[in-house]
1. Among the helices (runs of 4 or more DSSP H) lying completely within the chain, list those that include at least 3 residues that are modelled with pLDDT under 90 and open to solvent by 40 Å² or more (accessible area, probe 1.4 Å).
2. So, in the range 5-34, of the ones that are in contact (Cβ under 8 Å) with a residue 40 or more places away in the chain and within 15 Å of the chain's Cα centre (by Cα), which residue ends up farthest from THR64 (Cα to Cα)?
Amino acid sequence: EPARAAKDVLLRLMRREEGPPPALAAVFSHGIAPVGMDDGSVPGLFRAAGLRVFASGSLPLVLTVPGADGSPVALPANWLVVGRNG
């Protein structure tokens with residue numbers, strides 16, 4: 001899941017001189033608001049559904065979109081390992 005800190009990266013991509021990447025433009029055109037939740041609220045949603053969070057952490061989510069220097073853009077992201085209790 002993109003972390004809250006990914007919002008700045010996404011906004012920069014949307015404002016590129018050549019326009020936003022097609023995939024990202026499609027997300028926004030459908031009214032999806034990425035990074036709309038607080039990072040800490042995501043584990044609680046799984047717990048409220050009766051699931052257990054076994055592990056969590058942060059890693060960059062590398063996109064297929066090139067940045068200004070040509071290297072892939074990396075979004076700050078959070079991961080969870082979730083499963084049933086017992």
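1. Answer list for the chain: 6-14, 22-29.
2. ALA5
The values are calculated or read from the model by the stated rules, or taken from the named source; none is laboratory data. This structure is a prediction, so every number in the text was calculated from the model and none was measured. No Cβ is skipped: glycine too gets one built from the backbone with ideal geometry, and neighbour counts run over all protein chains shown. Remember, those area values only see protein heavy atoms, side chains included, never the ligands or the DNA or RNA. Shrake-Rupley method; radii C 1.70, N 1.55, O 1.52, S 1.80 Å.
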